[in-house]
Amino acid sequence: MNTLFFGIVIFLIVLAVFDLVVGVSNDAVNFLNSAIGAKVARYRTIVIIASIGVFAGATLSNGMMDVARHGIMTPLYFSFYDVMCVFLAVMVTDVVLLDVFNTLGMPTSTTVSMVFELLGGAFAIAMLQIFHGATATDGTLLSLGDLLNTEKAISVILGIFLSVAIAFVLGSIVQWIARIVFTFTFRVNGRTTAQSGKMGGRLSSSLKVGIFGGLSVTAIVWFLLIKGLKGSTLMTPEVNEMISQNTWLIIGGSMAVFSVLMTLLSAMKLPVLKFVVLLGTFALAMAFAGNDLVNFVGVPLTGLEAYQDYTANGNGDAQGFMMRSLMESAHTPAPYLIAAGVVMVLALIFSKKAQNVVKTSVDLSRQDGGDEMFGSSRVARTLVRTSRSMASSLAMAVPSCVSHWIDSRFNADAAVLKPGAAFDEIRAAVNLVLAGALVALGTSFKLPLSTTYVTFMVAMGTSLADRAWGRESAVFRITGVLSVIGGWFITAGVAFILCFLVTVALFFGSFVAMAVAIALAIFLLVRSHLKYQKHTMEGEADKLFTRIVRCSDKEECWTLLREYVNQTIKAHVRMVTDDYETLTTAFFCEDYRRLKHVTINVDHQRKELKRQRRKQIIALRRLDPIVSVEKSTWYFLIVNSLSQMYYCLKRMGESCREHVGNNFSPAPSEYANEFLVLRNEIMRLYLRSLDSEAASLIRNDAAILQSSLSDYRKRIIHDIQTRQLNIEAMTVFLSVVQESQELLSALRHLMRGENKIENSLSQGL
C-alpha cells in the first residue's frame, strides 16, 4: 500500500509541473499586458525582464503559505488517506480547470481556484466524517466549524468583490487625470507623439514626466517592499518592523529623490516612461512568483511531506493515522524553489497560451479599432444605452467651454502610436503602478486582492477613461469584460463543486478511482492541448487582417484587402460545398447524428461570416473614402450571397433533421438517385468557382442547372399529385430541391460581385 501512495505522490509532483506551466500561462497577463500593449520593447526583452522577476520571486519566497496545510482544513482531524484524497482531487481539478480557461484565452485566478478546490475537497471529507459521527479526543462530536476553516474562503470572496469594483473605478479616475495632464500628444525622450510633429516646452514636459515617473517608481518600490518581498527570506521581522515604523519617511523621501532623478533623465532625453513600465513589469512578475507559487506547488509538496510523516510514523494505517504534523508551518527547501522558478521561466518563454491570454486583455483595452474577440450581449447593449443617456445628461450640466477643453485633451486622432502598439506608455505606466499600489494596499489591510483581478480591471478602467471604447466597439468590449468577470465567479463555484465530487469518488473508489482520475486528467490535458494546437493553426490565417488594420499605406491596404477578400470567399465556398454534400447524403442515409452535426456547424459558420464581415468593414475604412464606398457595394453583394448560402443550408438542414429525427419514411430511392446526379453537378460548379475560371461561364452554367432543377421540381409536384407517394417525405425532399436552386442563385450573385470587385481592384487606386 505504501508503494501505491508513493505513486500518487509522484503523480502529484509531476502534475505540479503541469500546474506551474498552466498557472504561468494564465497569470502571465498580470505583468506582461501593459509592456506588450505599449510596445515599450521587443517581446523578447519584455519576457527576459519578466523572467528575471519570476525567478527572483520564486527563489526568495518561502515557497508555501500555510493555506495548503491548515488554511482551509484542520488536519488534526484528517487521516492520511483523507488528505491524499483531497490533494489528488485538488490537483486533478486545478489543472483541468485552469487549462480550459487558458485554452479559451480567459484569465482567471489561481488563488481562487486553489482555495475553493481545497474548500470543496475538505468539505466533502468533513461531511463524510460528520455523517459517520466523528469525535474529538475528548469524545465530543465534531462540527463543520471544527473540521474546516472558512475564514480564508470568505476573505477571498471579499477580495474578489473589492478588487473588481475598486480597481475599475480607480483605473478610470487615475487615467482620466493622467490624460488631462499629458493628453495624447505629449513630449517624451526628445520626441513627440503628435502627428503634427509639434512639441511642448522641454522644461515643462520634463517636469511633468519627471514627477509622474517619480510617483510611479515610488509606488513600484513600495509595492516590492510590501508585496513582492512579503514572506521572502530577506523580509526578516526586524526589516519588516523598520519599514512599518518609517512608512511615510520612506514614501516621502523616495518620491522626492525619484522625481528629481526622473526629471533630470527626461531632460537628458532618456526613456523615463519605458523604464517605469519595465520596472513595473519586473515588480509584478516578482510578486506573482513570490506569493502565488503556493497555488501551484503548495498542495503537491504538502502531500510529499504528509507521505514522509506517514511512512515514518503511520505503521501502515492510512485511515487511522492523523495529520497532526500539518498543523505546523512549513519551510520549503531551496532546491524545490529553484526548480519551480526554472519551470516557471521556461513556461513564460515558450508558452503559446500565455500569449493568447495576454492577447485577450490587450485586445479589450486597445486604443484603435479592429477585430473584436467577443460578440454582443443584451446586458452590454443595455449598459451602453444607459451610459450614453447618463453621459448626455451630465454633458448638459457642464459648460460648453469646459467640455470643449476636456475633449481637446482626449483627441486620440492627433497622436501616433508605436507600430503594433495597442495604447501608449502613459496608460501602460498607470496600469502597472495602480495595480501594484492597490495590491500592496490590500496586503497591508490583510485583504487578499487577486493580482489577476486587479491588473485586468485596472486595464479595463484605463481604456474606458481613454475613450478607447467608442460607439463601434463599446458593446463588444463590455461583453468581453462581462464574460471574463463571469468566468471568474464561475471558477469558484465550478472548482468547489467539481473537487467535492471528485473527492467523494476517490474516497469511496479508493485506488481504482484514483487511477481513473489520474488517467482522466492526463487524457483531458492531451485533448485540450491538441484542440488548442488546431485553434492556433486556424488563427494563423487571420494575421492578414492585423496587417491591414496597422497598415498606413493605402495602396498596400488595397493589395492586402484584395487578398483577404479572396481568402474569405474561397474558405466559405469550400465550407458550403462540404456542408451541402454532408447534409444531403445524411438525409438520404437517414444519419441523424451527421445531420445534427452539420446543422450546428452551419450555424457556427454563419456567425463566423458575420464576424468577418464586421472585420472587413473595418478594413474598408483604411481605404480612401470615395474608393471605399465604390468597392463596398460589390463587397456587400458578395457577403450577402455567402450569407444566403448558409441560410439555404440552415433551412434545408432544419427540415431534414426534424424529418429524420422523427423516424419518418425516407424519400424514394428513384428520386434520391436522380437528385444526387444534379447535386454533384452543383458541387462541381461550386468547386469551379474557386479557380480562376471566367465568372461569366460559371454564371451561365449555373443558370442552365437552375433550369434543370426547376423542371425536376415541377415533375416532383406532378408526381405528388398523381402518384401514391409519402407526402411528408416528398415535401421535405421538395424543399431540398428548392433550396438547391437558391444555392445556385446565390452562387450567380457571388460570381457577379466577385467579378465586379476583382475588376475594380485590378484597376488600383
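The values are calculated or read from the model by the stated rules, or taken from the named source; none is laboratory data. The structure presented is a predicted model; accordingly, all values stated were derived computationally and were not measured. So basically every Cβ, Gly included, is an ideal-geometry build from the backbone, and we count neighbours across all protein chains shown. These area figures cover heavy atoms from the full protein model, side chains too; ligands, DNA and RNA do not enter into them. Shrake-Rupley method; radii C 1.70, N 1.55, O 1.52, S 1.80 Å.
Taking 0.36 nm per residue of sequence separation and removing the Cα-Cα distance, the ARG684/ARG614 pair yields an extension gain of 22.2 nm.
Using a probe of 1.4 angstrom and keeping all protein chains present, the accessible surface of segment 691-739 works out to 56 square angstrom per residue. For ILE72, list long-range residues whose amide hydrogen, built 1.01 Å from N in the peptide plane, is under 5 Å from its own amide hydrogen. Hits under the 5 Å cutoff: none. Apply 1/(1 + (r/R0)^6) to the Cβ-Cβ distance of ARG409 and ARG191, taking R0 = 30 Å, and write down the FRET efficiency to the nearest 0.05. Calculated value: 0.90. Length available on full extension from ILE48 to LEU524: 0.36 nm per residue minus the Cα-Cα distance, which gives 168.2 nm. For the cross-link pairs LYS39/LYS756; LYS39/LYS570; LYS570/LYS650; LYS714/LYS756; LYS610/LYS756; LYS418/LYS570, the ones whose C-alpha atoms lie over 31 Å apart are LYS39/LYS756; LYS39/LYS570; LYS714/LYS756; LYS418/LYS570.
Protection proxy ranking, highest mean first, for peptides 316-327, 301-312, 645-656: 645-656, 301-312, 316-327, where packing is the per-residue count of other beta-carbon atoms within 10 Å, averaged.
Computed packing ranks the peptides 277-289, 71-83, 255-267 as 277-289, 71-83, 255-267, most packed first, by mean other Cβ atoms within 10 Å. Peptide packing: for 580-587, 119-126, the average count of neighbouring Cβ atoms within 10 Å per residue gives the ranking 119-126, 580-587, highest mean first.
A cut-off of 5 Å between modelled amide H atoms, ignoring neighbours fewer than 5 places along the same chain, links ASN411 with PHE184. Largest accessible area first, the residues ILE478, ILE638 order themselves as ILE478, ILE638 under a 1.4 Å probe with ligands, DNA and RNA left out. Using a simple spin-label model with points 7 Å from Cα along the Cα→Cβ vector, what separation in nm is obtained for ASN246 and SER510? So the label points at ASN246 and SER510 sit 6.3 nm apart.
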